[in-house]
Amino acid sequence: MWTLRSLLGLRCAAGRAMSQGPTRRPRPPKDPLRHLRTREKRGPSWVPGGPNTVYLQVVAAGGRDAGAALYVFSEFNRYLFNCGEGIQRLMQEHKLKVSRLDNIFLTRMHWSNVGGLCGMILTLKETGVPKCVLSGPPQLEKYLEAIKIFSGPLKGIDLAVRPHSAPEYQDETMTVFQVPVYSEQVNGKQQLARSAERLSPEPSPDPGPAEGEQYLVDGVGQKMHGRDPSLVVAFVCKLHMKKGNFLVLKAKELGLPVGTAAIAPIIAAVKDGKSITFEGREILPEEICTAPDPRVTFVVVECPDEGFIQPLCENATFRSFQGKAEAPVALVVHMTPEHVLLDSRYQQWMERFGPDTQHLVLNEHCESVHNLRSHKIQTQLSLIHPGIFPPLASLRPQEGGLAPCVPLVRGQCLLKYQLRPRREWQRDAIMTCDPEEFIAEALELPNFQESVQEYRKTVQDGPAPAEKRSRYPEVVFLGTGSAIPMKIRNVSSTLINISSDASLLLDCGEGTFGQLCRHYGDEVDQLLGTLAAVFVSHLHADHHTGLLNILLQRERALVSLGKPCHPLLVVAPTQLRAWLQQYHTQCQPLLHHVSIIPAKCLQKGAEVSNPKVERLISLLLETCGLEEFQTCLVRHCKHAFGCALVHTSGWKVVYSGDTMPCEALVQMGKDATLLIHEATLEDGLEEEAVEKTHSTTSQAIGVGMRMNAGFIVLNHFSQRYAKIPLFSPDFNEKVGIAFDHMKVRDRWGRAGGVGGAETLSIHAQVARLGPLPSTTGTGPSIESLLEAPSVPRVTSSELLHKLGRQCPPPVWSSWACPHHWAWGCPGSARLGLT
């Protein structure tokens, strides 16, 4: 069967205890956040003396997998500049507090800048942030209206949009000026050349104004309605002057009434730079107060293509900050592709800021590792089985030809530039991805090397397959968590490689493209070139907000491969069309990238009266080599679907999407080769599962058993379980759990069909690293393994403790018992490896 069997050893007693555990306490009502209470105590009349500490930190360095994003910190405020896909996950992994954000600045309306904004807003809402202000292009209001199609009314958070034409914004830390920059006009139309680093190597033809849109004829290039790709917004941020520090000892030497109420007005006066008279003597402010820290400025600018260079150079606002400016520019952040940086006009514009201004570049030529935790876990798991847990890849940065004419630094994840208390680059937080270090850490575990060697010997000693094994179908789990992306598990997405030239995605949550980049590295374009279809189960954000980036990056891949750019087939609820239509009309053209097949048209017995849809269904089956692609309504939200894929060679894969136990899914999936079913919650939380319309572990396994599925892989785990979900004794040799970047394949037991009882207890090896007994014939029962004194055991899951030591204690306490499953499983004939 599948080359993954029981990827987590379980102990019956512990599982039973877990399922009978105490009822989870109800959550307390949300409390105002601490920093908001502090702000309220200050009162509206409180005027700060300027922040003591301010720094900028790179969240994403501009790579294709993560985009460009910047985090700005002061003791009073937190800010985010751009919010592409995966930014929320990076902030969570690197402990950059999302809950402190109250201002998000967007440089332009492009998915690379706003792809993670929907998920970020939902997280801010759940965190209890009462208000968040978005600044940038005018289409932001339309974007917020568009996401309400699937997110609902967004009650509980006040979302305000500050358009680029609004006056400057001021808070306790700084004053922010928005600087609109419009692209040059070409023959009365705006230049739509797209950045090679953001979309495709060659610009696609302009589809022209959508219906209801008009170009203004004022030479500015702005549209009356709808999207406006000719506009980018730069931000000039000026820190408030920090008042000097009062020198207490000096004041005492001069006889001032330190420690009494009379000293307060004296301190206030000298901090404001005023002289005072005390006992007939004039005291200058510099005698008892340090010099104030002057106003310092930093600039964030995006110049996506050459059409913006000349308007940027001629912009009067920037000219006022170049040369001898009142507030010198300490740093300019360039979210700008390399070919623009190489333009002599742009380099001259950079030089005009002067030799004391630092420049930070964020683009695809920056080399940086962002999701270090994923690389570490995968490297260590690959020691057990590199085929199932292949080491992650990285996109090689493009070679840069820029000869710096100014002090220039290329971005890296977590690189800091400190503005206060002193200006300097800080690299101590930058991460290095050292596989040898990760491996050495794992090899230090007791009995680890002996366990792996015994496992490999057992596999080698097993009987050889009777026939040549097929590589396909191959299942790659890209996202196995629910609700929000976290450092261990991304949100829902599963890749099915059907053949060497056809693949499809089951759901497409935020960050799916980034996961593909980390899994395939520089071969990601080849993979996107084979992508034939995407199935979207329902319109919750964790299942579909990665689709737009897949559409855009797929176009780029097809162009680079020299293939025709045909639309991607998307099987989805019809409500998805409204979201795509509104984003297309108001924000960015993309409808020419997609052909939608309504999921309801693939239900059993459905009548399809639309000839176009009939043609698309036939194309779907032909392209993917499928005999049948069937959907059914499942028990989750309205318009939620599961699906079943039946291949012409005989295998059948069933995907539940999000659902409670569903009889329609059982009937559709009868005799499935593989069932991929959500198991959001642990046993014992059945009431919460009903409330949230999800399944528990045992409920998901029960569906598979009633379906007579050959193998069941559980996924979509609640992020409360961090790395390892909690399980019940219903686990058996037909059940495994999914990890991000785990890859499994079908094993052909006989010609023309799927069969055999080959098993692979990788889960047992991950959860319990004891030496493995050899298996011949039928494997020992669970009872014999628990009782047999001859089977050496390690009494705790050392590897998981090591690999996931940041997981909550409740997860690990359940694995302390020595009675984990050992290597064999009931009914296993032999260990099967690819």
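Summary table
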item	result
Ranked by how many other beta carbons lie within 10 Å on average, peptides 520-530, 404-414 from highest	404-414, 520-530
Highest average packing first - 532-539, 281-288, Cβ atoms within 10 Å	532-539, 281-288
Label-point separation in nm, residue 282 to residue 581, each point 7 Å along Cα→Cβ	7.6 nm
Fraction of the pair-distance distribution of segment 48-143 above 16 Å, Cα-Cα pairs, percent	53 percent
Two-decimal ratio, segment 513-580, of alpha-carbon radius of gyration to 2.2 N^0.38 Å	1.14
Calculated from backbone phi, Karplus (6.51, -1.76, 1.60) coupling profile of segment 236-244 in Hz, x at Gly/Pro	9, 10, 10, 5, 5, 5, 8, 5, x
Nearby lysines by direct alpha-carbon distance to residue 250 (threshold 16 angstrom, same-chain neighbours under 8 apart not counted)	271
Above-threshold pairs, the threshold being 19 Å between Cα atoms, out of 142/600; 97/416; 600/638; 95/376	142/600
Cα Rg over Rh - segment 469-516, Kirkwood	1.04
Per-peptide average of other Cβ atoms within 10 Å, ordering 424-435, 715-726, 441-452 highest first	715-726, 441-452, 424-435
Cα-projected label distance for residue 447 with residue 253, points at 7 Å along beta-carbon direction, nm	7.0 nm
Solvent-accessible area of residue 437 with every protein chain in place, 1.4 Å probe, in Å² to the nearest 10	100 Å²
Amide H contacts of residue 420 (H built 1.01 Å from N, under 5 Å, at least 5 apart or other chain)	54
Rounded to the nearest 20 debye, dipole of segment 388-428 from Cβ charges on Lys, Arg, Asp, Glu	240 debye
Formal net charge of residues neighbouring residue 60 (Cβ-Cβ distance under 11 Å; K, R +1; D, E -1)	0
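The values are calculated or read from the model by the stated rules, or taken from the named source; none is laboratory data. Fair warning: this is a prediction, and the values are worked out from it, not measured in the lab. Neighbour counts run over all protein chains shown; Cβ positions are idealised from the backbone, glycine included. Heads up: the accessible areas ignore ligands, DNA and RNA and are worked out on the full protein's heavy atoms, side chains in. Shrake-Rupley method; radii C 1.70, N 1.55, O 1.52, S 1.80 Å.
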